[in-house]
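K.L.:
First the structure, which I've put down as structure tokens, then a few questions once you've had a look.
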Amino acid sequence: MSPERPALRAAGMDDAGAAADILAAAFAADPVMSWTFGGNSAFRTIFHELARGVYLKHGFGHIADGGVGGGRAATLWLPAGAALSLPPLNELRIALASVRHGGFGAVARALKIAGVLEKHHPQEPHYYLFAVGVTPGAQGQGLGGALLREGLKRADEEGAIAYLENSNPKNTPLYERLGFRVTAPLPLPAGAPPLLSMRRAPQGASS
């Protein structure tokens, strides 16, 4: 294998730290998260606790290592039928980090946005892409797309729709190439950057 060819692998519980490192770096300038938490200082804790408490516990993820220049990527998914429920201890750690770095306003904004996101999830069973991220400088190598296809295979095998929230318009063409379509802008609190909901019908599902 060429040293510049990325290696894709399923993420386990012991990969929560690696996934958090990748996603915190990838989302460092994310407009919605930065607005919510008053900057990016709490991002690593947020992704780590969500990975350990929800997505790698009840869902799944993938990691790509070995991109050009050491590029890495990660995804976190929740499969159809899995509950998006964060244990109290993980929730407390996120709240403490949010208050420490963004004040109590960060917690208030996060709760409001979480309520909006929950309300607008599809009613039918669906695969939820919580996050896909590529480390800075490694975009355009196909790392994110390769990982997304791994997760979408599972949704297609079950004949389930896939759903995500998109805070970066630059990512819209990639999602559309993979079959996602914009549903609607989500009604976030006043002053928040735009956030689009996108969904994808199952493709090539076996009957």
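K.L.:
Out of the stretch 191-204, which residues are assigned to a loop (DSSP other than H, G, I, E, B) and out of contact with any Pro (no Cβ under 9 Å at 6 or more places or on another chain)?
P.N.:
We begin by selecting, within the stretch 191-204, every residue assigned to a loop (DSSP other than H, G, I, E, B); these are 191-195, 201-204.
Listed by number, the residues that qualify are Gly191, Ala201, Pro202, Gln203, Gly204.
K.L.:
Taking into account only those residues within the stretch 55-110 that are among the small types (Gly, Ala, Ser) and in a strand (DSSP E or B), which is farthest from Pro193 (Cα to Cα)? I'd like the intermediate steps shown before the answer.
P.N.:
Taking the stretch 55-110 first, the residues among the small types (Gly, Ala, Ser) are 59, 61, 64, 66-67, 69-71, 73-74, 80-83, 85, 95, 97-98, 102-103, 105-106, 108, 110.
If we keep only those that are in a strand (DSSP E or B) too, we end up with 61, 64, 73-74.
Numbers: Gly61: 27, Ala64: 29, Ala73: 24, Ala74: 24 Å.
Per the criteria, the residue is Ala64.
K.L.:
For the stretch 9-39, which positions are among the aliphatic types (A, V, I, L, M), out of contact with any Gly (no Cβ under 7 Å at 6 or more places or on another chain) and assigned to a helix (DSSP H, G or I)?
P.N.:
Taking the stretch 9-39 and keeping what is among the aliphatic types (A, V, I, L, M), we get 10-11, 13, 16, 18-20, 22-26, 28-29, 32-33.
With out of contact with any Gly (no Cβ under 7 Å at 6 or more places or on another chain) added as a condition, the list becomes 10, 13, 16, 18, 20, 24-25, 28-29, 32-33.
Residues satisfying the conditions are Met13, Ala16, Ala18, Ala20, Ala24, Ala25, Val32, Met33.
To keep it simple, each residue is scored yes or no on (1) touching a strand residue (DSSP E or B) at 6+ places or on another chain (Cβ under 9 Å); (2) outside any loop (DSSP other than H, G, I, E, B); (3) surrounded by fewer than 18 Cβ atoms within 10 Å (Cβ to Cβ).
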| residue | (1), (2), (3) |
| --- | --- |
| Gly115 | no, yes, yes |
| Gln123 | no, no, yes |
| Leu148 | yes, yes, no |
| Arg154 | yes, yes, yes |
| Ala162 | yes, yes, no |
| Glu165 | yes, yes, no |
| Val182 | yes, yes, yes |
| Pro189 | no, no, yes |
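K.L.:
Output yes when any residue across the stretch 61-72 is within 25 Å of Arg154 (Cα to Cα), touching a Phe, Trp or Tyr at 6+ places or on another chain (Cβ under 8 Å) and of a type in the set (A, V, I, L, M, F, W, C), and no when none is.
P.N.:
no
K.L.:
Please determine whether any residue of the stretch 31-47 is free of Cβ contacts under 8 Å to residues at least 24 places away in the same chain, of a type in the set (Phe, Trp, Tyr) and crowded, with 21+ Cβ neighbours inside 10 Å.
P.N.:
Quick first cut of the stretch 31-47, residues free of Cβ contacts under 8 Å to residues at least 24 places away in the same chain only: 34, 40, 43.
Going one step further and asking which of them are of a type in the set (Phe, Trp, Tyr), we end up with 43.
Filter once more, keeping what is crowded, with 21+ Cβ neighbours inside 10 Å: 43.
Scanning the stretch 31-47, I find at least one residue that is free of Cβ contacts under 8 Å to residues at least 24 places away in the same chain, of a type in the set (Phe, Trp, Tyr) and crowded, with 21+ Cβ neighbours inside 10 Å, so the answer is yes.
None of the figures in this text is laboratory data; all of them are computed from the coordinates on show. Bear in mind that the values here come from a model prediction, so they are computed numbers and not experimental data. Don't worry about glycine lacking a Cβ; one is built from the backbone with ideal geometry, like all the others, and counts go over all protein chains shown.
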